[in-house]
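Q: One structure is given below, represented as C-alpha cells, and several questions about it will come after.
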Amino acid sequence: MFAKRVAVQLKREYWEHRSLFVFLPLVCVLLVAGFWVLAVISDPTINQANGSGIKLADPHFQEFLKLNETGSGFKINFASNQVVGFILAVQQFMGWWFFSIVSVFLTLYYSASCLFSDRKSREILFWRSMPISEHFNVLIKLVVAAASVPLLTLLMNALTSLVLLLVVCVWLGDFGQFVTALRALPLLGNYLLGSMGLVLLILPVFAWAMLASAYAKKSPFLGATFIPLILLVADRFLNKFMEINIHIYELVKTYLNAIGDVIQVSFGEADTGYVSFTFNYSADVAIYSVIAAVLLALVIWLRNNRYEI
C-alpha cells in the first residue's frame, strides 16, 4: 500500500511538471551537444597565452594534443586512436558543472511552484480527499526535488556524451573508437555521486523555496528569490550607514563557503585527471538538515492551517 501511494505521488509530480523534467532538459541537451559538436569540428586552438596551464609533457594530454602551426598553442590530435574518449572525458567534466547549475535552477523552480499550483487551481481540495496526509505529500515533493538534481545532471550529461560520441565518430569516419570511447562513460557514475553529495548541502534552499510556495498568494518564485536579496541589501545598508549588523551577509557567505570548500576538496586532484568525491562535511550536513527540517515543519503547518483552503 505504501509503495502504491509513493508511485501515485511520483506519477503526479511527473505529469504536473513534465516540462521541467523532460522538455527543458532535452532542449538544453540539444543546445549543449550542438555547441560541443561545432567546437570539435571547428578544430579550435587552445592558446597558452590565455593561461590554460596545459603542458604538452603532461602524460594526460601529450597523446591527445599537438602544437598548432605557430607553436603558441595546442590543437586536438585527431590522429590519436583514443581522442574521442578524451573529448568525452573533457565534455563530461565541464558538463557536470553546467548541468548541475541548470538542474539546481530547474529544481528551485519546481520547489517554488509545487505547493502553490494546486492551491491556485484548487486541486488541493481533490488531493485532500485522498488518503494522503500533508506530511507525506510534502516529504514526497522534497524527495523529488532532492533526486532531481543528480538524476537530471546525469541524464543530460549522458545524453550529451552519446550525441557527441556518435557525431564525432561519423565525422572522423572512425567507428573503431566508438567502443574505446565508451570507457569514458563510467566517469558519469563519479559525477552522479558528486551531485548526490552536493544535494545534502542545498536541501535548506529547496525547503525555503517550498516554504515560499506554501505561503505565497502569487509569484512564489519571486518571493523565494527576492526576500533573501532584500535581506542581504538591508544588511549591507544598515552595516555601512548605521553600523548595525544583522548577520545575514555573514550567514549566506558562510553557507556558500561551506559548499565551495566541499567542491574544492572533491576536485582537489582534477588537474591531474582524477576526480574524487570524498566529501568532508564535518557538521555542515547535520546543521543544514536541522534547518531544512524546521522549514519543512513550517510548510506542513501552513498546508494544514491556511485559512483560504
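The values are calculated or read from the model by the stated rules, or taken from the named source; none is laboratory data. Keep in mind that what you see is a predicted model, and the values were worked out from it rather than measured. Backbone-built Cβ (ideal geometry, glycine too); neighbour counts: all protein chains shown.
Q: Select from the stretch 11-34 the residues that are hydrophobic (A, V, I, L, M, F, W, C), at pLDDT below 90 and loosely packed, with under 14 Cβ neighbours inside 10 Å and list them in ascending order.
A: To start, the set of residues in the stretch 11-34 that are hydrophobic (A, V, I, L, M, F, W, C) comprises 15, 20-24, 26-33.
Then keep just the ones that are at pLDDT below 90; that gives 15, 20-22.
The answer is W15, V22.
Q: When you scan the stretch 124-133, do you find a residue that is modelled with pLDDT of 75 or more and more than 30 Å from I287 (Cβ to Cβ), even just one? Steps first, answer last, please.
A: Going through the stretch 124-133, the residues modelled with pLDDT of 75 or more turn out to be 133.
Filter again for more than 30 Å from I287 (Cβ to Cβ), leaving none.
Checking the stretch 124-133: not a single residue is modelled with pLDDT of 75 or more and more than 30 Å from I287 (Cβ to Cβ).
Q: Right, something else. Tell me, which residue of the stretch 161-213 that is within 23 Å of L139 (Cα to Cα) and β-branched (V, I, T) is modelled with the lowest pLDDT?
A: Of everything passing the filter in the stretch 161-213, V199 is modelled with the lowest pLDDT.
Q: List the residue pairs whose Cβ atoms are under 9 Å apart, where the first residue sits in the stretch 81-94 and is within 15 Å of G189 (Cα to Cα), the second is of a type in the set (S, T, N, Q) and buried (at least 22 other Cβ atoms within 10 Å of the Cβ), and the two are 6 or more positions apart or on different chains.
A: Sorted first by the residue in the stretch 81-94, then by its partner, the pairs are L88/S161; Q91/N157; Q91/T160; Q91/S161; Q92/N157; Q92/T160; Q92/S161.
Q: Would it be correct to say that W97 is over 30 Å from L166 (Cα atoms), surrounded by fewer than 17 Cβ atoms within 10 Å (Cβ to Cβ) and at pLDDT below 85? Quick ask: steps written out before the conclusion?
A: Values: over 30 Å from L166 (Cα atoms): no; surrounded by fewer than 17 Cβ atoms within 10 Å (Cβ to Cβ): yes; at pLDDT below 85: yes.
Considered against the rule, which asks whether it is over 30 Å from L166 (Cα atoms), surrounded by fewer than 17 Cβ atoms within 10 Å (Cβ to Cβ) and at pLDDT below 85, W97 comes out as no.
Q: While we're on this one: State the number of residues belonging to the stretch 151-165 that are polar (S, T, N, Q) and surrounded by fewer than 24 Cβ atoms within 10 Å (Cβ to Cβ).
A: We begin by selecting, within the stretch 151-165, every residue polar (S, T, N, Q); these are 153, 157, 160-161.
Restricting the remaining residues to those that are surrounded by fewer than 24 Cβ atoms within 10 Å (Cβ to Cβ) gives none.
Number of matching residues: 0.
Q: Which number in (1) surrounded by 19 or more Cβ atoms within 10 Å (Cβ to Cβ); (2) at pLDDT below 85 marks the one condition that E69 misses?
A: (1)
Q: Sticking with this one: Taking the condition of being modelled with pLDDT under 70 and not aliphatic (A, V, I, L, M), how many residues in the stretch 249-265 meet it? Working first, answer last.
A: First pass over the stretch 249-265, keeping only residues modelled with pLDDT under 70: 261-265.
The next check asks that each one be not aliphatic (A, V, I, L, M); those that pass are 261, 264.
Within the stretch 249-265, residues that are modelled with pLDDT under 70 and not aliphatic (A, V, I, L, M) number 2.
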